[in-house]
Amino acid sequence: MAACSLPRAQHLAEGRLAALVWGRAQAPVWLALHGWLDNAASFTRLAPRLAEALDIQIVAIDFAGHGLSEPLPGHHDYALWDYCHDVLDTLDELGLERAPLLAHSMGAGVASLLAAAIPECVERLVLIDGLGALTTPAEELPRELGKSLRAHRRRRSSGPRYADAEAAVAARVAGGATPVQAAEVSEIVARNLRELPDGSVALRTDPRLKRPSPVRLTPEQVVAMLAAIECRVLLIEGREGILGDREWARRSRAAVLRLERHVLDGGHHLHVSPDCVETVVSTIVKASSSQGQLE
């Protein structure tokens, strides 16, 4: 029942969404949800190992505006609930009423919201260095909305160009929101690139993704959403990741009723780190086996 290490490409939602698939075609399906500005290739190290160990099929989607998926139509900015529709559309196309969600960073935020809002479609959550969503306190909303409106009015840039993929990877390493190594993001960046007529490359990702959000949930709203999650939640954090002992992370973890937490060596992208991925796999496999015995 070994899973092939090379993924199968797939298109979903009438071609709107692109995906990578690992594992036996008839095996139970897990959906994998990537982080902001990443894509399905962020699971290229983790997914084949998990598919083989658990005999599952992992369908990793490119969220709208990321990777090879289509951008959202119109001119409005992206919100987490837009990506919830990507997950629901994928479930519909695969003929699934519910599935486990394997999610990293922003994908973990999407998974958390969906599990709270439509619990019947989420079997369990496996979250990697992410929980809940970015928030804005209510009193800061006018300032945040103003930033977003001004950014929306500015002329839309086509984004930077790079001499080649190696230069694009170097730019991601140098300017990423969280520290990463080239080995961790090289395949992610490659899936986000398109070649230009002069031989240089540019990002496929929708430039709107970098605009400030016009509206975010408040801290109280996110805690309420997390408290509404009914399924089991496995949270894997990187010791040098974004959660740790920060006050908002402690509050978020405390809100989840059925939480199992593991802190592993590694940073925010520990699931794509050659040094950390095996520990992530073994943690998920062990937790999945124990959950199976309890259910």
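Comparing 198, 164, 82 in a Gaussian network model of the chain where C-alpha atoms under 10 Å apart are linked, the largest mean-square fluctuation is found at 198. Above 13 Å, the calculated P(r) of region 116-175 contains 80 percent of its Cα-Cα pairs. Note on the chain: GNM, Cα springs under 10 Å; of 149, 127, 50, the largest mean-square fluctuation is that of 149.
With both residues required to sit in the chain, DSSP beta bridges show an antiparallel share near 40%.
Taking 0.36 nm per residue of sequence separation and removing the Cα-Cα distance, the residue 262/residue 27 pair yields an extension gain of 81.9 nm.
Per-residue ellipticity at 222 nm computed for the chain from its helices equals -11000 deg cm²/dmol, with DSSP H segments shorter than 4 residues left out and the rest contributing -39,500 (n - 2.57).
When Rg and the Kirkwood radius Rh are both evaluated on Cα atoms of region 39-127, their ratio Rg/Rh stands at 0.95.
Using the heavy atoms of the protein chains alone and a 1.4 angstrom probe, what is the accessible area of the chain per residue in square angstrom?
Working: 13980 Å² over 295 residues.
It amounts to 47 Å² per residue over the chain.
Extension gain for residue 88 to residue 174 (0.36 nm times residue separation, less C-alpha to C-alpha distance): 27.5 nm. Note on the chain: GNM, Cα springs under 10 Å; of 238, 107, 146, the largest mean-square fluctuation is that of 146. Keeping the other protein chains in place, figure out the carbon and sulfur percent of the accessible area of region 218-257, with a 1.4 Å probe. Of all accessible area on region 218-257, carbon and sulfur atoms account for 54 percent. In this structure, residue 153 and residue 195 have a Cβ-Cβ separation that, at R0 = 35 Å, corresponds to a calculated FRET efficiency of about 0.65.
Shown here for region 62-136: GluC sites (Glu not before Pro) in loop regions (DSSP other than H, G, I, E, B) with at most 14 other Cβ atoms within 10 Å, namely 97.
Show me the helices of the chain, taken as full DSSP H stretches, that run 24 Å or more along their long axis by Cα and average -0.5 or above in Kyte-Doolittle hydropathy.
Span-like helices in the chain: 277-294.
Couplings for region 7-21, taken from phi via the Karplus curve 6.51 cos²θ - 1.76 cosθ + 1.60 with θ = phi - 60°, read x, 9, 7, 8, 10, 10, 6, 6, x, 5, 10, 9, 8, 10, 10 Hz in order; Gly and Pro are left as x.
At 0.36 nm per residue, minus the direct Cα-Cα distance, what do residue 163 and residue 11 gain on full extension? Give it in nm, one decimal, please.
The span from residue 163 to residue 11 would gain 51.8 nm if fully extended.
For trypsin sites (Lys or Arg not before Pro), the sites in region 191-279 that DSSP calls loop and that have at most 16 other Cβ atoms within 10 Å are 239, 246, 258.
Which order do peptides 169-181, 17-29 fall in by mean Cβ count within 10 Å, highest first? Spell out each step's value before the answer.
Values: 169-181: 14.8, 17-29: 19.2.
Highest-to-lowest ranking by the protection proxy: 17-29, 169-181.
Given a Förster distance of 25 angstrom, what is the FRET efficiency for residue 117 paired with residue 96, based on the Cβ-Cβ distance and rounded to 0.05? The calculated FRET efficiency here is 0.90.
The values are calculated or read from the model by the stated rules, or taken from the named source; none is laboratory data. Note that the coordinates shown come from a computational prediction; the quantities given were computed from them, not determined experimentally. FYI the Cβ positions are ideal-geometry reconstructions off the backbone, even for glycines, and counts take in every protein chain you see. With ligands, DNA and RNA removed, areas are computed over all heavy atoms of the protein, side chains included. Shrake-Rupley method; radii C 1.70, N 1.55, O 1.52, S 1.80 Å.
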